[in-house]
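Beneath this line is the structure, given in structure tokens, with notes to follow.
The values are calculated or read from the model by the stated rules, or taken from the named source; none is laboratory data. Values in this document were obtained by computation on a predicted structure and should not be read as measured data. Here Cβ is always computed from backbone atoms with ideal geometry, including for glycine, and neighbour counts include all displayed protein chains. Each accessible area value is taken on the protein alone, full model and side chains, heavy atoms only, with ligands, DNA and RNA left out. Shrake-Rupley method; radii C 1.70, N 1.55, O 1.52, S 1.80 Å.
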Amino acid sequence: MNAMFAHAEKQWTLKDCIDYALEHNISVKAGRLSVMSAGEDVKEARARLFPSLSFSTSHQGGYRPFADDGSYEDKGTYSGDYGLNASWTVWDGNANRNTLKRQRLQGKQEELSLEESVNSIQEQILQLYVQVLYVREAVKVNEEVLAISRQNAERGEEMYRVGSLSKADLSQLQAQVASDEYNLVDMKGRLEDYKQQMKYLLRLDYDSGFDLAVPSSTDAQALAAVPSVSDVLNGALALRPEMRNAVLGVEGGNLDVEIAKAGRMPTVNLSGGIGTNTMSGTGMAWGNQMKGNLSGSLGVTVSVPIFDNRAAKTSVNKAKISLQQAKDEVDDVKAQLALAIQGYWINATTNQQRFKSAGVSVGSAQDSYELLSEQFRLGLKNIVELTTAKTTLLNAQQSRLESKYTAILYLKLLDFYKGEELNMI
């Protein structure tokens, strides 16, 4: 079946959206490639602990046009050198081993950076998902409001025909219908815009069909228990990748200091090689020359830094500065997490209370509008009072929707920062 039609038939849950995005999102793919690249760096650093081995060969040809032996063949000469060389850094102040540890640490940090990207994508999807649900329900409210306005306009036409309503009041009712139609079209446009943003995150074709599955009870989710700030913060400090990454940054800073200190220490290198050479015009066979000229060597080089124009000291001092910056980063991440979680908690509790109050307001506004509508039909209330009551009802419904979905958003974010999986069923 064509993938586009498959998407058109599917009702996407929040988990569906997240799973699909994590498989297809470009940022996540780039993060996975960075992890793979860091893995190659670890392999290279590990390989540097072992000797290196290389083979080299060089060949030279010559021509002697004025050779006095009268032999044409002897005018042309050839020589070849062949060598197998090995080198091993036996000791370099432990820099090579610390570099391996640093690369392993860097690999873990790349993995945590990937987790940060994954978390960021999930949070973006959650926000858009909740926004789509909110606007879709707002569309229904606007459809109901438009239906009420049309009923009022039809009732106004009947009252105008029997002389109980002025032409000006009828025009006002008809203008309200046009205004509500505009508001409905605008809300539908916002809904499509949010869906397009979601499809971009999921990397779906812009013209593919797409719709979200409606959770079973959004009201109950908006009224879920709000976790305490301390519980969420403790979970975040232990589990959030940005926090773990910052802590690893301090470990990496300590290793960088040790690597820089190695610049002050002696290095010991062991080298060895075997080689041979051949030459034309000697009268010896090539194989015999290879064997007869074979030689080997073994050497040790000790290098002791005495004066390096302050290079090692500068490297150590800069590494210590970077280490302090890494420690400051840990404190900064803690503060950012605490601030974000506190903000989420305030928004969750505030909007949960607003949602409860808005429910009462909607009931009151609904009863009031129905009463005024009946009184208007009987000629006891004027058009201004009816319009005011309808506006009050619409505002109460919109406030209820906004507070409900805002509460859901921040409750889900609190659960996510605490370490729970994002889901809306």
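So if each residue of separation counts as 0.36 nm, and I subtract the Cα-Cα distance between residue 56 and residue 238, what length gain in nm does that give?
Fully extending the segment from residue 56 to residue 238 adds 60.1 nm.
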Simple spin-label model, 7 Å along Cα-to-Cβ: residue 88 to residue 268 in nm?
1.2 nm
Let me check against my output: what whole-number percent is the relative contact order of the chain, with C-alpha pairs under 8 Å and at least 6 apart?
24 percent
Measure off 7 Å from each Cα along the Cα-to-Cβ vector at residue 10 and residue 350, then give the distance between these two points in nanometres to one decimal.
3.7 nm
Rounded to a whole %, the carbon-and-sulfur portion of the accessible area of the stretch 241-323 at a 1.4 Å probe is 60 percent
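Let a ≥ b ≥ c be the square roots of the eigenvalues of the Cα gyration tensor of the stretch 28-159; is it rounded (a/c under 1.5), or, if not, prolate (a/b larger than b/c) or oblate?
Oblate, since a/c reaches 1.5 and b/c is not below a/b.
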Give the angle, between 0 and 90 degrees and rounded to the nearest 10, that separates the Cα long axis of helix 26-47 from the longest principal axis of the Cα atoms of the chain.
20 degrees
Measure up 195/404; 327/412; 10/199 against 24 Å on the Cα-Cα distance and list the ones that go over.
327/412
In what sequence, highest mean first, do 87-95, 123-131 appear when ranked by Cβ atoms within 10 angstrom?
123-131, 87-95
Explain nothing, just the number: dipole magnitude of the stretch 140-195 about its Cα centre with +1 on each Lys and Arg Cβ and -1 on each Asp and Glu Cβ, in debye rounded to the nearest 20.
40 debye
Accessible surface of the stretch 48-151, 1.4 Å probe, proportion on carbon and sulfur as whole %
52 percent
Rounded to the nearest 0.05, what FRET efficiency do residue 188 and residue 334 have when you use their Cβ-Cβ distance and R0 = 51 Å?
0.70
Pick the calculated Cα extents along the principal axes in Å for this structure from [x] 137, 55, 38; [y] 61, 51, 48; [z] 130, 57, 45?
[x]
Solvent-accessible area per residue for the stretch 96-155 at a 1.4 Å probe radius, Å²?
42 Å²
Students often check this: by mean Cβ neighbours within 10 Å, which of 53-65, 174-186 ranks highest, and how do the rest follow?
174-186, 53-65
Treating cross-link reach as a plain straight distance, find the lysines whose alpha-carbon is under 30 Å from the alpha-carbon of residue 320, omitting any fewer than eight places away in the same chain.
43, 101, 108, 261, 334
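Using only the alpha carbon atoms of the stretch 222-360, find the Kirkwood hydrodynamic radius as the inverse mean reciprocal pair distance, in angstroms to one decimal. Numbers along the way, then the final one.
Working: mean 1/r = 0.0457 Å⁻¹.
The Cα-based Kirkwood calculation yields 21.9 Å.
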Fraction in percent of alpha-carbon pairs per bin - 5 Å, the stretch 314-425:
2, 11, 12, 11, 10, 9, 8, 7, 7, 6, 5, 3, 3, 2, 2, 1, 1, 0, 0
Compute the accessible area per residue over the stretch 200-271, keeping the other protein chains in place, probe 1.4 Å, unit Å².
47 Å²
Sorting 399, 145, 305 by the position of each Cα along the dipole of the chain (Lys, Arg +1; Asp, Glu -1; all at Cβ), the one nearest the positive end of that ordering is 305
Summed side-chain charge close to residue 185 - residues other than residue 185 whose Cβ falls under 12 Å, Lys, Arg +1, Asp, Glu -1
-3
Skip the ligands, DNA and RNA, and give the accessible area per residue of the stretch 353-425 with a 1.4 Å probe, whole Å².
48 Å²
Consider just the alpha-carbon atoms of the stretch 290-370 and return their Rg together with their Dmax, both in angstrom.
35.3, 114
In whole percent, and with a 1.4 Å probe on the protein chains, what portion of the accessible area of the stretch 326-423 is carbon and sulfur?
51 percent
Would you mind working out the magnitude of the charge dipole of the chain relative to its Cα centre, with +1 at each Lys and Arg C-beta and -1 at each Asp and Glu C-beta, to the nearest 20 Debye?
1140 debye
Which of the peptides 133-144, 286-297, 192-203 is most tightly packed, and how do the rest follow, going by the mean number of other Cβ atoms within 10 Å of each residue?
133-144, 192-203, 286-297
Can you give the extra length, in nm with one decimal, that the chain gains between residue 360 and residue 127 once fully stretched, where that is 0.36 nm per residue apart less the Cα-Cα distance?
81.2 nm
